[in-house]
Amino acid sequence: MTHIIYPIGSTVVVRNVEKPSDQTLLQGHTDSVTCIALTKDGNTMASGQITHGGNLAEIILWDVSGLLEGKQPMLLHRLRLHKVMVQAVAFSCNGKYLASVGGVDDNNLVVWNVADGKAICGSPAAHDTALTVRWLNTTDAALVTGGIKALRMWSLDVVHRKVRPTDIETQKEIRTYTCIAVAEDDSLLYCGTSSGDILTVSTSRKLKVLSGPRKRFDKGVTDIKVIGSELVVGSANGDLATVDASTLQRKVEQRVLGGVSSIAPDSSGEFFFVGTEQSNIYLLQKHELVAELKTTAHSEHINDVVFPAGYSELFATCSGSDIRVWHSGTLSELLRLQVPNQECNCIAFLPSGAAIVSGWNDGKVRSFLPQSGRLEYVINEAHRLTGVGNSSGGVVPKNGVTAVCPSNDCKRLLSGGADGQVRVWAVSKGTQVMVASMKEHKGPIYAIAIKADDTECVSASADGSCITWSLTDAHPFVRINALFAANFFKSVAYHPDESQLLTCGTDRKITYWDVLNMNAIRITDGSEDADVNTLHINSDGHFFVSGSSDKKVVLWNYDEGSKYYEGEGHSGAVTKVFISPDEQRIISVGTEGGIYVWKVPAEFAKSS
């Protein structure tokens, strides 16, 4: 077992088991990948996707035979017949044929010839939705499908291009079949159900033989694999168990985080990987079911990513109810901070590195210690909860605290909220006092940037304005200047010499502004057809990076205002990009929950 394959959104990742950074990203799908299958010899892979209503969903066949020699996988064929979604795919025992089942809108079973990518035959899979398909292990003329209230065996007649069903008699048991495993000699089928039990079916008599275990699996069985005389069974509740194949009695049990979505044994059956719905991948030993967490990631869209000042070895991301700290080299998770049932909108490290401050959708600012993860303090009701909507009448999805920015001397904290206010807090470990509240914006604050000497800051808002505020001198906490545009501003940044501002937003433009008189100096197209969500400028202002809703990460030369590099890898909108302090890599995060690490090209990278 050398490589492991899994999808992130519309990208299929082929990763070396020993070396996590050795990854190949396969891009061909236009939307989320729903199912993956491999031939027995491991040379060909099929992946199916979901698409928008009314369109045809593709299955892509890949040649992955050259992975051991270090060759790149090749796209062989695109198979298009199923409407809207491909529910399941499976290869026959010799890899000559591929069977696929469409989703709710389609519900057809199609058998394809792998060599030329042409469909041999098809048939409606069942009267109700079909959920899974499997071939028998010794013949390529028979396969099984399972779904809602239906379990069918099919015989394939290649000469006459027909596939003929026979319903399996299960007496009074009416079940929804979610997964099927076939015994090695093809005599029995083990069918997992959404009711949490397993039915054993004789293939020759097409009859139910046994059902069990007596203690059912909570929330239903999601995957079954046959390993020797035992079954390894996973449930939607996160339970794993080895079950005796002949009696269907549970033997060893184990619990993992998140419902089990797939089980992948190695060739000997000694170890197997388990993937869960909370984006965790575990390696388990079959003998005692000892689970070791191998890879983990966010399972919801990611709102923010940030590096500590001047330290490139780790970075933090926030998504849903958790903040995670990652090691940049090995990409392993170092720390996880959770606040159940809340959503974290934004995070920042104090420049001293002494705390991680975060803004939450319940209107609170929470500060955590970066090594232990202990909660240092909470500012209650930092911002009003109800988003004020926006000028066009819609409601902005973010709520509570939407932007945080610590001052460079670490004594002050700036926060922006969905209520359109910018607030200044004097923070220390013991006390957090509001110094000022600046209320001019009429829409949520999306970003705040501060000057290096802490004298001024700028806030960008969805009401179409960016305002610079005085933080010191004779008249503190008043507006110095403002700029207006027909635009929801999503991000704002100071050029390192602080003579110019850079903004981006829903008008798809990236705009340079003069800080003194707030005139637009230059306007460039940040994206052809989608919002530009995020910007980050490097330390000397030579280049900057932008991320947009068209899934692209773009590197620009600042002075020329021209695109130099485009990175495609995300499967959803890019929500945040950040250049590491050593300027060797760029981290981008997106709505699909992926964290992508990009290498800064040699001509832009800092000579270390």
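The values are calculated or read from the model by the stated rules, or taken from the named source; none is laboratory data. Remember, it's a predicted structure, so these values are computed and weren't measured experimentally. Neighbour counts are summed over all protein chains in view; Cβ atoms, including those assigned to glycine, are modelled from backbone coordinates with ideal geometry.
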*Some residue of region 367-378 being assigned to a strand (DSSP E or B), more than 28 Å from the chain's Cα centre (by Cα), surrounded by 21 or more Cβ atoms within 10 Å (Cβ to Cβ) and touching a residue at least 40 places away in the same chain (Cβ under 8 Å)*: no
*Exclusive hit being at pLDDT 95 or above, of a type outside the set (Ser, Thr, Tyr) and surrounded by 18 or more Cβ atoms within 10 Å (Cβ to Cβ), set 180, 227*: 180
*Read through the list (1) under 15 Å from residue 312 (Cβ atoms); (2) in a loop (DSSP other than H, G, I, E, B); (3) in contact (Cβ under 8 Å) with a residue 24 or more places away in the chain, then give the number of the only condition that residue 587 fails.*
(2)
*Answer yes or no as to whether residue 505 is within 29 Å of residue 463 (Cβ to Cβ) and touching a strand residue (DSSP E or B) at 6+ places or on another chain (Cβ under 7 Å).*
yes
_Qualifying residue in region 268-276 (condition: modelled with pLDDT under 90 and polar (S, T, N, Q))_ = yes
*Hey, can you tell me all the residues within region 581-608 that are in contact with a Phe, Trp or Tyr (Cβ under 6 Å, 6 or more places away or on another chain) and crowded, with 20+ Cβ neighbours inside 10 Å?*
586, 587, 588
*Please go through region 256-286 and pick out each residue that is in contact with an Asp or Glu (Cβ under 9 Å, 6 or more places away or on another chain) and without any contact (Cβ under 8 Å) to a residue 24 or more places away in the chain.*
283, 285
*Only residues in region 179-204 that are on the phi > 0 side of the Ramachandran plot count as the first member; pair them with residues that are in a loop (DSSP other than H, G, I, E, B) and surrounded by fewer than 18 Cβ atoms within 10 Å (Cβ to Cβ), Cβ under 6 angstrom, at least 6 apart or cross-chain, and list the lot.*
186/137; 186/138; 196/216
*Which of the strands (runs of 3 or more DSSP E) contained wholly in region 1-86 include at least 1 residues that are without any contact (Cβ under 8 Å) to a residue 60 or more places away in the chain and in contact with a Lys or Arg (Cβ under 7 Å, 6 or more places away or on another chain)?*
23-27, 56-63
*Working only within region 330-343, note down all residues that are touching a residue at least 40 places away in the same chain (Cβ under 8 Å), within 22 Å of residue 21 (Cα to Cα) and of a type outside the set (S, T, N, Q).*
331
*Tell me, which residue of region 6-47 that is of a type in the set (Ser, Thr, Tyr) and exposed (fewer than 15 other Cβ atoms within 10 Å of the Cβ) is nearest to residue 294 (Cα to Cα)?*
21
*Looking at region 116-151, which of the residues that are more than 32 Å from the chain's Cα centre (by Cα) and charged (D, E, K, R) is farthest from residue 208 (Cα to Cα)?*
116
*Quickly run through region 307-323 and pick out the residues that are within 16 Å of the chain's Cα centre (by Cα) and not in a loop (DSSP other than H, G, I, E, B).*
316, 317, 318, 319, 322, 323
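Yes or no: region 147-156 includes at least one residue that is exposed (fewer than 13 other Cβ atoms within 10 Å of the Cβ) and farther than 19 Å from residue 236 by Cβ.
So far as region 147-156 goes, no, none of its residues is exposed (fewer than 13 other Cβ atoms within 10 Å of the Cβ) and farther than 19 Å from residue 236 by Cβ.
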*Out of region 553-568, which residues are at negative phi and either touching a helix residue (DSSP H, G or I) at 6+ places or on another chain (Cβ under 9 Å) or surrounded by fewer than 20 Cβ atoms within 10 Å (Cβ to Cβ) (or both)?*
557, 558, 559, 560, 562, 563, 564, 565, 566, 567, 568
*When only residues in region 230-256 that are within 26 Å of the chain's Cα centre (by Cα) and in a loop (DSSP other than H, G, I, E, B) count, which is surrounded by the fewest Cβ atoms within 10 Å (Cβ to Cβ)?*
237
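I'd like to verify a number: residues in region 39-83 that are of a type in the set (D, E, K, R) and under 27 Å from residue 572 (Cβ atoms), how many?
Here the count works out to 4.
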*Only one of 99, 90 is within 27 Å of the chain's Cα centre (by Cα), of a type outside the set (Ser, Thr, Tyr) and at pLDDT 95 or above; which?*
90
*asked:* Just to be sure I understand, how many residues within region 461-477 are touching a residue at least 40 places away in the same chain (Cβ under 8 Å), surrounded by fewer than 17 Cβ atoms within 10 Å (Cβ to Cβ) and hydrophobic (A, V, I, L, M, F, W, C)?
replied: 1
*Which one is farthest from residue 236 (Cα to Cα), of the residues in region 259-306 that are in contact with a Leu (Cβ under 8 Å, 6 or more places away or on another chain) and in a loop (DSSP other than H, G, I, E, B)?*
290
*Kindly provide the set of residues from region 99-127 that are under 23 Å from residue 53 (Cα atoms) and part of a loop (DSSP other than H, G, I, E, B), ordered by number.*
103, 104, 105, 106, 107, 125, 126, 127
_Among the residues that make up region 186-195, is at least one of them within 21 Å of residue 101 (Cα to Cα) and aromatic (Phe, Trp, Tyr)?_
yes
